[in-house]
1. When you scan segment 328-353, how many residues do you find that are at pLDDT 95 or above, over 16 Å from Ala379 (Cα atoms) and surrounded by 19 or more Cβ atoms within 10 Å (Cβ to Cβ)?
2. For Leu159, indicate whether it is modelled with pLDDT of 95 or more and either not hydroxyl-bearing (Ser, Thr, Tyr) or not in a helix (DSSP H, G or I) (or both).
3. Counting just the residues of segment 298-327 that are surrounded by 22 or more Cβ atoms within 10 Å (Cβ to Cβ) and among the small types (Gly, Ala, Ser), which one comes out farthest from Ser383 (Cα to Cα)?
4. Of the residues that sit in segment 16-41 and are assigned to a loop (DSSP other than H, G, I, E, B) and among the hydrophobic types (A, V, I, L, M, F, W, C), which one is farthest from Glu61 (Cα to Cα)?
5. Given (1) in contact with a Pro (Cβ under 7 Å, 6 or more places away or on another chain); (2) assigned to a loop (DSSP other than H, G, I, E, B); (3) under 23 Å from Asp311 (Cα atoms), identify the lone condition not met by Thr204.
6. Tell me whether segment 353-368 contains one or more residues that are under 20 Å from Thr240 (Cβ atoms), in contact (Cβ under 8 Å) with a residue 12 or more places away in the chain and not assigned by TED's automatic domain parsing to the domain that holds Asn164.
7. If you take the residues in segment 240-267 that are of a type in the set (S, T, N, Q) and closer than 15 Å to Ser292 by Cα, which one is modelled with the lowest pLDDT?
8. Any chance segment 28-41 includes a residue that's modelled with pLDDT of 85 or more, outside the structural domain of Glu259 (by TED's automatic domain parsing) and closer than 23 Å to Asn148 by Cα?
Amino acid sequence: MNQEQIIFEALVVASSKKNPDKVFLKQLKNQAILFGLELPFDSSRRKEFTYKTSDIVEEWEIDMWKSHMNRYFPCYEAASNSGKTGPIRLKDKDFNPDYRHPNRRMKIGDDPKKTMPQLTWSVLFRRVDVVKKLLDKGADVNLCSKLNETAIGVAVENLYVDNNPTPVDLEIFDILAKQKHKKEVLNKRTAKKRLLPITSAVGTGRPEVVEKLLKMGADPNRRGPDDNTPLYICIFYITTVTNPKDDLVDINSMPVTCESLNSLRRNTGGHYGFSLKQQTAVMLKLRNDPRSNALLSHWTEKTQQMMSVDDLHEVAKLLLDYGADPNAVQPSPLPGYTPLMYAAQMDEARVFEMMLDKGGDPLKTYTMYGQQINCWKIALGFSSSRVMNILNDKENWSNALVPDYLKACGEFSVAGLNRSLWMSGNSHNSISDTKSTAMPTRRKSCERMLIVFIT
């Protein structure tokens with residue numbers, strides 16, 4: 001029996017006790033991390049990380065380990081009573097609001113420890129009349145569920161494009177937005193899926209929702225799912241609307257990282273297993289699964305229908321006006337990437353220029369195959385002509401941004417460099433024209449040079 005089997009069996013058995021010993025589970029998880037069998041600690045929480053047991057072993061992880069009792073010990077008589085994976089089915093028909101006790105909590109599923117304030121429950125099921133009456137009776141909008149779910153967070157999630165076939169009315173959100181919210185509640189991330197009101201608001205594609213949350217005190221740099229910032233997520237949606245084919249290729253070509261594996265577990269509750277080997281195998285398999293690609297295509301089409309580029313540009317402007325950091329380093333999909341770099345890659349000239357005006361640093365680099373890559377190299381490698389035009393106009397950046405190997409070729413000016421990169425007859429369009437620009441054809445000599453630093 002190997003170390004992996006011993007540790008995983010111990011995690012399953014220890015989690016299946018009536019009152020799991022969390023200190024022992026912490027020790028087991030530490031051993032799993034030491035042997036490379038478990039994901040390392042969350043780097044995004046480094047500042048708030050205290051190494052307490054609750055920081056290392058989360059409640060949802062215990063449920064996940066417990067749910068695999070039948071898989072590891074199929075003959076054990078109590079295996080059939082072990083935890084279950086998958087979503088909890090909630091029913092609204094049996095819900096009777098208690099207006100005498102407006103802050104009463106509702107039980108969720110079969111676990112008595114999982115509860116939710118009835119106000120949040122009413123928001124979840126979009127019961128406008130009940131929400132209004134509970135607030136009139138004094139319900140507290142700042143109450144959270146066991147998993148950090150809040151009424152305002154659920155209201156924004158209800159507007160998310162993923163959750164609706166058509167745009168949804170803002171009535172419940174507007175009602176809650178008028179209430180006094182604590183900043184820590186507005187910036188509270190759910191414990192398992194890490195849903196955050198401001199990132200979910202970006203996912204609605206509606207500037208008015210984002211603006212209201214920012215005015216209420218939402219942090220424009222707080223990280224949500226996959227530990228990406230709202231500004232980075234906004235550029236992702238712009239890419240989905242403007243370059244859907246490139247977006248699908250990017251999603252399927254993303255490397256399997258700690259962040260992506262962590263996201264898979266948090267969103268599936270261990271349904272695909274909890275070992276790194278099992279999760280990695282599932283992620284790689286999904287990339288070649290026609291059903292998975294069909295779902296991605298459907299999501300892309302729906303996003304295009306329900307979001308507009310102009311609205312998303314307005315969302316990006318709002319985030320920047322309220323202090324979003326264009327140089328914030330992202331852990332995924334490429335460690336070290338920033339929103340500014342992402343805009344350079346996608347040739348998003350309008351957002352790129354906005355970020356430069358708000359302190360975006362095109363000299364900032366990330367490391368790829370031992371090389372330092374800045375915005376110029378990214379724009380060059382992805383044929384981002386509009387972004388290159390912007391960089392051309394910034395004289396103080398010209399010499400610093402041009403790759404050394406191109407300087408050695410004798411093309412010292414950025415303008416001269418551009419002339420050598422593109423075929424004659426492919427003049428640059430206006431920076432403001434973000435819809436009609438066709439990708440220029442690259443010279444063969446340029447393609448050979450690009451291979452040097454891309455591969």
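1. Qualifying residue count for the region: 0.
2. no
3. That would be Ala324.
4. Across segment 16-41, the extreme among qualifying residues is Phe35.
5. With respect to (1) in contact with a Pro (Cβ under 7 Å, 6 or more places away or on another chain); (2) assigned to a loop (DSSP other than H, G, I, E, B); (3) under 23 Å from Asp311 (Cα atoms), Thr204 is out only on (1).
6. yes
7. So the first thing to find is which residues in segment 240-267 are of a type in the set (S, T, N, Q), and the list is 240, 242-243, 252-253, 257, 260, 262-263, 267.
Now restrict to residues that are closer than 15 Å to Ser292 by Cα: 252-253.
Working: Asn252: 61, Ser253: 65.
The residue in question is Asn252.
8. No, because not a single residue in segment 28-41 is modelled with pLDDT of 85 or more, outside the structural domain of Glu259 (by TED's automatic domain parsing) and closer than 23 Å to Asn148 by Cα.
The values are calculated or read from the model by the stated rules, or taken from the named source; none is laboratory data. In this text the structure is predicted, and so the values were computed from the model without any measurement. Glycine also receives a Cβ, built like all others from the backbone with ideal geometry; neighbour counts cover every protein chain displayed.
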